[in-house]
Amino acid sequence: MDTIRLIGSPLYQWEIGRKIEITSSPHTRVDKVEFSHPGDANTLSLVPREENGVLVADIPNVLLQSGNIIFVYLVHAPEGGVETTTDHVLRVIRRPKPADYVYTETEILNYAYLAERPTALVGEGLPT
């Protein structure tokens, strides 16, 4: 069975550079990790990478701005199909925006989502 574990302390709103650790079963391969908020029409897809012998994926910084929970999906893409093997919920603790906060984008495969996101952020009253 595949598992997802947050690396480090609990997640807080406005953080950047956070990661998850992925442990996959010997019978599956994790080809993508997808992230979204509840109600999002699209996911942000990342390819996991190995760091110090551990499979990891960056949590998209844009998803840490709202203080909303984050859904995480591990995806296996065998030839001719796509299979979600594991899902997980990451809780984000709300907090005031730090005065020294500087947004840094996470490299994401689904750029169409990013094109839609500024409109959503303005609707949430957040800076774009």
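A few remarks follow.
- Filter result for Ser25 (polar (S, T, N, Q), open to solvent by less than 50 Å² (accessible area, probe 1.4 Å), over 11 Å from the mean Cα position of the chain (by Cα) and more than 11 Å from Val75 (Cβ to Cβ)): yes
- Test result for Leu126, at negative phi and either at pLDDT 95 or above or not in a loop (DSSP other than H, G, I, E, B) (or both): no
- Total residues in segment 43-65 satisfying the condition of being under 16 Å from Arg91 (Cβ atoms) and surrounded by fewer than 17 Cβ atoms within 10 Å (Cβ to Cβ): the figure is 0.
The values are calculated or read from the model by the stated rules, or taken from the named source; none is laboratory data. Being a predicted model, the structure only gives us computed values, none of them experimental. Ideal geometry is used to build each Cβ from the backbone, glycine not excepted, and the neighbour counts take in all protein chains shown. For accessibility, only protein heavy atoms count, side chains too; no ligands or nucleic acids. Shrake-Rupley method; radii C 1.70, N 1.55, O 1.52, S 1.80 Å.
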